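Have a look at this one.
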Amino acid sequence: MTVVLIGTLDTKGEEVGFVRDRLRAGGLDVLVIDAGSGGTPAIRPDIPRDRVFEAAGSSVGEVDRHRDRGRAVADAARGVASVVEGLIRGGEVRGILGLGGSAGTTICSAAMRAAPFGMPKVLVSTLASGQTRPYVGGSDFFMIPSIADIAGLNRITRRVLSNAADAMIGMVLGGASPGVVDAAAAHPLVTATMFGVTTPCVDRARRVLEGDGCEVIVFHATGVGGRAMERLIRDGLVDAVLDLTTTELADELVGGVLSAGPDRLSAAADAGVPQVVSLGALDMVNFGPIETVPEAFRGRTFHVHNPTVTLMRTLPEECEELGRRMASMLRRASAETVVLIPEEGVSALDAPGQPFHDPGADARLFESIRRGLEDSRLVRVESVPMHINDPEFADLASARLREILRSGPKRARGSDDEDGDPGAVPSEGRRGPADPRRRGGDRVERQVRRGRWDRPDHHL
């Protein structure tokens, strides 16, 4: 069982050697990769820096000539990621361990982001107690704060490095395979997105789908969650998507703190994975404490969710642009897609008596999506007289996804002349919007149910 150990051996060679010996003592084989770009390595690597820079389309000589540290780190990051990917494809790797300061963290994290979900990945870093999102991205590796700088072996660094090595030994020896544990492989894997203000909907839909034999993985739509879900989809691990909480699009458009990047919504469309999509929490943009909200947004409608989370209502023109962007992404779909529009509100805060209730802004969002998808061959839009947190909406969303899974995903056809509508649900599976008379419970009860999520202790 082989573990890749990454470090800059010109500056961290002694520490890398200590970790290597600890891993070997625990019964693992170790491949040491030298990602350094400066002086002579302090220990002998298994994969020298020459191979690393060649894998990045560069060379040690070129790095020495330019004497550009930023460029050297970028080249090393690309090279190490490429080398590690090759080792993984060859079936040689069961885990990855790295250590470093700012440069080493950049280099090691690039390799870990390229590795599959489920493979043990540990990074000992001087930056682990700060903002780690640029390093972790949508990956599942974990970072251990080095406490002291990784500069020599002492009672602190020995303990931290030993803990990291021992954690890796335990994960590798205790794991059955280097990839995602797949005990439920016989069940369709569905990914879903959720926020505190859409929890009633997604929780109910999840339970329905699980009762129907699906395995459902719910992602918290906090930017990192959306990225992680899209990574799983692109890795080919997902059978269908229940993307009911697309709020990260609003943060990307307006400048909130929970953006998942400009490619959110693209993975399922590009990978040919069927999906049911809705507009959960597109009424809000996320910021930290109220005093951190940029001055440019002063005067807007805010809701202080708790001392560390401030929400801002999206404007009508922003809602219209969100609809346009959603439609643009979903038009790329190469498998059957259903978009459900909850006409009575898109979050717990978007309901009568709640701070973000704005039917005019919602109408701009809804119309923009309808207009952008009206001639799509694979994307069907359904508007229903429900709130997103009504139980009937969750039931409808899960039913639409089950219809797609039962009938088999429809793929994009090569020609528009072919008979039939490639986006149509089979007649035996089709049903119209739920009858409003069968929605159950009166309006007051539903509003109380929605409003109970407006609590300072219920975290987004």
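Each reported figure results from applying straightforward, stated rules to the coordinates on display, with no laboratory input. Everything numeric here is computed off the predicted structure, so don't read it as measured data. So basically every Cβ, Gly included, is an ideal-geometry build from the backbone, and we count neighbours across all protein chains shown.
Can you list the HN-Hα couplings for the stretch 262-277, worked out from phi with the Karplus curve (6.51, -1.76, 1.60; θ = phi - 60°), rounded to whole Hz and with x for Gly and Pro?
x, 9, 4, 5, 8, 5, 5, 4, 6, 8, x, 9, x, 8, 10, 10
Another question about this same structure. Using θ = phi - 60° and the Karplus form 6.51 cos²θ - 1.76 cosθ + 1.60, what ³J(HN,Hα) does each residue of the stretch 227-238 get, whole Hz, x for Gly and Pro?
5, 5, 4, 5, 5, 4, 4, 5, 6, x, 9, 10
Is the C-alpha gyration tensor of the stretch 1-77 telling us rounded, prolate or oblate? Criteria: a/c under 1.5 is rounded; beyond that, a/b larger than b/c is prolate, otherwise oblate. Write down the numbers at each step before the final one.
Values: a/c = 2.95, a/b = 2.03, b/c = 1.45.
Prolate shape, in that a/c is at least 1.5 and a/b is the bigger ratio.
Right, something else. Using the 10 angstrom Cβ neighbour count as an exposure proxy, how do His387, His187, His220 rank, fewest first?
Numbers: His387 26, His187 15, His220 18.
Arranged by neighbour count, lowest to highest, His387, His187, His220 become His187, His220, His387.
Would you mind checking which residues have amide H under 5 Å from Ile341's amide H? H placed 1.01 Å from N; only 5 or more apart, or other chain.
Hits under the 5 Å cutoff: Glu382, Ser383, Val384.
Average projected area of the Cα convex hull of the stretch 217-364, in nm²? Before the final figure, lay out the partial values.
Working: hull surface 33.9 nm².
Seen from a random direction, the Cα hull of the stretch 217-364 projects 8.5 nm² on average.
Moving on. Taking H placed 1.01 Å from N in the peptide plane, check which residues at least 5 places from Gly7 or on another chain put their amide H under 5 Å from its amide H.
HN-HN under 5 Å from Gly7: Ile33, Ala35.
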